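What follows is a short report on a single structure.
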Amino acid sequence: MPAAPIALADSPKSNQPYAGLTPDTVLNALESCGLRGDGRLIALNSYENRVYQLWLEEPEPFGASVVAKFYRPERWSTAAILEEHAFVAELVEREIPAVPPLTLNGRTLHEFEGFRFSVTPRLSGRSPELDNADVLTWMGRFIGRIHAIGELRPFVQRPTLDIQTFGVEPREFLLANDFVPADLLPAWSSVSAMALDGIRAIFDRAGTFKNIRLHGDCHASNVLWNNGGPHFVDFDDCRMGPAVQDLWMMLSGDREAMGQQMRSIISGYEDFCEFDDNELGLIEALRTLRLLHYSGWIARRWNDPAFPAAFPWFNTQRYWQDRVLELREQISAMQEPALRLAG
């Protein structure tokens, strides 16, 4: 059975998981694997892990700066992280534009003062223009190439996207730890249970579908676009799941707009990998699971001081009122027919 992420808030060690990760520790960690920083570093936008850009004294052979990612303690096993690295290496070997960790001293995963970390080249780029049909087709083409490799074999150490871990467990955690205000608790408890019933009904209707190795979190912020096209970064959430999970997060707007966008994506995707149209019916269920999982993710990390600072609106009355309305909208969306490819 694939290993699942450990819920950090369930561990007494989790209150301040990065308390010992000072700038000196980051620089010393880099030096421990043979790279000497010149003292400059900046924190990059990441909450689950801690990620830094560091400038090097010697710019060759890796460039003027690199990116070091310090993995959240206790989230993934070492074997699961190495499986992620192996998947990215497999993609790069087939000339798919993913960004792999550097192999330093014969390893891609390093440890320093109790922190596991990896180092990747710094890649410049911008977010893809997802309102451009040609860009969507290009994105679909490369995701199709990723999935053609992803379906060759399963992950062994990494989990599968399923209703239990992405929906049931987050809901139970939120209810058990009093994150929902008392006056909104009956409404949120009821609507979240109805949402899970809707998700189960959609999965039941979908029947058997293929779970493959995915990027898992394939949205615009995890794609860097430059003159060479898209480059896929941050495979930290890679897992088993249906192919459409890596496609639907690029959609926006009303149903007609999303149908047009999906047609553009799939036209490129099927140059390299066959797409099962039955998976279009999973989109709103997957969206609802992501919404439940997101609230649970913030709650599980709430003891990390970075989270109250980054998400000050969480656990407010307004936040949970919006979540009740959001789930009601999703219940209605899940009752509509599956998305149709427009155009």
* Whole-Å distance, taken between Cα centres, linking segment 134-168 and segment 80-101 -> 13
* Calculated FRET value between residue 58 and residue 133, using beta carbons and R₀ = 45 Å, to 0.05 -> 0.55
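Relative contact order for segment 133-335: what is it in percent, counting Cα pairs under 8 Å that are at least 6 residues apart? Each step should come with its number before you reach the end.
On the way: 252 pairs, mean separation 75.5, N = 203.
Across segment 133-335, relative contact order equals 37 percent.
Pop the C-beta distance of residue 200 and residue 176 into the FRET formula with R0 = 25 Å and round what comes out to the nearest 0.05. Show your work: numbers first, answer last.
Values: r = 21 Å, r/R0 = 0.84.
In this case the efficiency is close to 0.75.
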* Structure fact -> Given Cβ charges of +1 for Lys and Arg and -1 for Asp and Glu, the option among 295, 185, 281 whose Cα lies farthest towards the positive end of the dipole of the chain is 185
* Asked: In debye, nearest 20: dipole of segment 192-343 around its Cα centre with unit charges on the Cβ of K, R (+) and D, E (-)?
  -> 440
* Quick one: length gained pulling residue 274 to residue 209 fully straight, 0.36 nm per residue minus the C-alpha distance? -> 22.1 nm
* Do you know the relative contact order of the chain, to the nearest whole percent, from alpha carbon pairs under 8 angstrom that are 6+ apart? -> 21
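Report the relative contact order of segment 201-260, percent, no decimals, based on alpha-carbon pairs under 8 angstrom and at least 6 residues apart.
39
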* Structure fact -> Taking 273, 218 and counting other beta carbon atoms within 10 angstrom, the fewest-first order is 273, 218
* Global size of the chain as Cα Rg and Dmax, reported in angstrom -> 20.6, 60
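Counting other C-beta atoms within 10 Å, which of 210, 69 has the fewest, and how do the rest follow?
On the way: 210 13, 69 21.
Listed from fewest to most nearby Cβ atoms, that is 210, 69.
Among 231, 215, which comes first, second and so on when ranked by fewest other beta-carbon atoms within 10 Å? All intermediate terms of the calculation are to be shown ahead of the outcome.
On the way: 231 18, 215 28.
With the fewest neighbours first, 231, 215 line up as 231, 215.
Pop the C-beta distance of residue 111 and residue 152 into the FRET formula with R0 = 45 Å and round what comes out to the nearest 0.05.
Values: r = 30 Å, r/R0 = 0.67.
Step by step, r from the Cβ atoms, then E = 0.90.
FYI, it's all coordinate maths here, none of it is from the lab. Everything numeric in this text was worked out from a predicted model, so none of it was measured. Glycine also receives a Cβ, built like all others from the backbone with ideal geometry; neighbour counts cover every protein chain displayed.
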